[in-house]
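Beneath this line is the structure, given in structure tokens, with notes to follow.
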Amino acid sequence: MAASKPSPEAVPAAAPEATISQLQEQLRAGRCTAKSLVEMYLGNIAAVDQAGPGLRSIIELNPDAMAIAERLDAERSAGQDRGPLHGIPLLIKDNIDTADAMHTSAGSLALAASLAARDASVVQRLRAAGAILLGKTNMSEWANFRSSASSSGWSGRGGQCRNPYVLDRSPSGSSSGSGAAIAANLGAAALGTETDGSITSPAAACALVGIKPTVGLVSRAGIIPISHTQDTAGPMARTVADAALLLAAISGADPADPATAAGRGASDYGRCLDVNGLAGARLGVARKRYTPGHYHLDALFEKTLQTLRELGAVLIDPADVPTEDHLNGAELTVLLYEFKAGLNAYLEGLGPSAPIRSLAELIAWNERHAGRELQYFGQELLVRAQAKGALDSDEYLAALATCRHHARTAGIDAVMDRHGLDALICPTQEPAWPIDLVNGDSYRASSPTPAAVAGYPHVTVPMGFVFELPIGLSFFGRAWSEEALIRFAYAFEQASRARRPPRYLLTAPTV
């Protein structure tokens, strides 16, 4: 994964923490080129990811990135401008197919040599918009659906990704590399994917904005799956404006993903960026599971609630999701069934030259290579999924009905109807826990599950810090309410200015 260092004159003056619109302004003014941006980010990757703090957030660089940048620069010189992503270097998670020299492995050594025959639909949209795919990000292997004792950010192919704010803390979630890389300014923005928390959790842990869209807004075609009822791709960025821009670029109907037929298509989310967007908004405060008595986090959240009131929001406090305690068991049953069906279909589609063609073959491959793949934790979730039957089984259908009832009808919809709410709010999760390859993750209070199981949208935005560890504020609500959630998140972001760049601390200061 070699990376060339940029020449000093190639580095744009406003590059550190620059937004996509700021970079685009420089490109259009001729103060930098797409090639110089690629050189700059490659230099950042060499200095921070491969050396220095050693984040291990990038699993593979695109060897064609420079040539793509030169072609896009030539287009611009010829008067062709593809829009706000023209010449902007982005990163994408390693479970998203790209029909190029990069591999798609979900972090697994079993697929380390796998090359996709077609771009994922979201990749097609990004390429058409003029984005440069700079590389693929490390991730929790198989999107954290291998073992209940896994360590977020670890993959057999990429090793353990680290949190750039405090290096001995977890980057969280399965889109961990996307979160760490964008927090560290290794790309302009990134795509992650979420089944339950894998965008919003690492975004919160890395002081980013993460948008988990309504299932059906963004195509999943060409993305290694866990669940066809919960999976979605979404943006991870340093600002709400950047995340909204990226969401607009990847949204829209796709015949290859039937779920998008029910969607509302792409939207100009830029019109949601209103500093007064919280005036009159009715926000329900979900407390029961998400404000668990952590002294410093609770104090930060109470300060945030006061900020929201000052911005004109009407707070209904508390407004808990009444059925949130009924989701976990049924959700896991659904995921086990859908993972088996979806992964088998994906692997079969790789063709006869693929190193593995089924979940059963993956399990056997891991056992043969246990010294590298199973050195820290096992694969009991894969084994449990393999033991499940087809998607017409009574157990699966009953679990799916339970999930939809408790997450939607009797859950988010019920509490929003009862109080006439525009959205629900809570801390996204507690401060990131220490990386622990012996015992695995230490999730406690984490908010993504109701929206994830419902297939509803969820936006997290930086709220502040606890002992130098980022904390996110979550906005979630009904299906297709992305515009409202983005509007609320933007207004809070502009008032709070809570995000700050990482300092790569070795451990969290407690004195």
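Each reported figure results from applying straightforward, stated rules to the coordinates on display, with no laboratory input. A quick note: this is a predicted structure, and the numbers were derived from the prediction, not measured. Note that each Cβ is placed from the backbone with ideal geometry, even for glycine, and that neighbours are counted across all protein chains shown.
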Which net charge results when you count Lys and Arg as +1 and Asp and Glu as -1 among the other residues whose beta-carbon is under 15 Å from that of residue 422? -1
Cα-centre dipole for region 14-134 with unit charges at Cβ (Lys and Arg positive, Asp and Glu negative), debye to 20: 200 debye
For region 29-79 and region 321-389, what is the separation of their Cα centres, given in Å? 35 Å
Ordered by packing density, taken as the mean number of other Cβ atoms within 10 Å over each peptide's residues, highest first, how do 89-100, 129-140 rank? 129-140, 89-100
Net charge of Cβ neighbours under 13 Å - reference residue 458; Lys, Arg +1; Asp, Glu -1: -1
Lysine pairs in the chain 8 or more apart or on different chains: how many have alpha carbons under 17 angstrom apart? 4
In debye, nearest 20, what is the charge dipole magnitude of region 330-396 about its Cα centre with +1 on Lys and Arg Cβ and -1 on Asp and Glu Cβ, if you could check? 320 debye
Pick out, from 376, 508, 427, the residue whose Cα sits farthest towards the positive end of the charge dipole of the chain, with +1 on the Cβ of Lys and Arg and -1 on the Cβ of Asp and Glu. 508
Read-out Rg and Dmax of the Cα atoms in Å, derived from the coordinates shown; its label in [x] 25.0, 82; [y] 21.4, 69; [z] 21.2, 64: [z]
Assigning unit charges at the beta carbon (Lys, Arg +1; Asp, Glu -1) and nothing else, what dipole magnitude in debye, to the nearest 20, does the chain show about its Cα centre? 580 debye
Between residue 390 and residue 310, with labels modelled 7 Å along Cα→Cβ, what's the label distance in nm to one decimal, could you check? 6.1 nm
By how many nm would the segment from residue 275 to residue 353 grow when fully extended, if each residue of separation counts as 0.36 nm and the alpha-carbon distance is taken off? 22.8 nm
Given a cut-off of under 8 Å on Cα pairs at least six residues apart, what relative contact order in percent is computed for the chain? 17 percent
Once the dipole of the chain is set up from charges on Cβ (+1 Lys and Arg, -1 Asp and Glu), the residue from the list 51, 410, 201 lying farthest towards its positive end is 51
For region 102-162 and region 435-461, what is the centre-to-centre distance using only Cα atoms, to the nearest Å? 19 Å
Going by the alpha-carbon gyration tensor, a ≥ b ≥ c the square roots of its eigenvalues, is region 330-396 rounded (a/c under 1.5) or, if a/c is not under 1.5, prolate (a/b greater than b/c) versus oblate? oblate
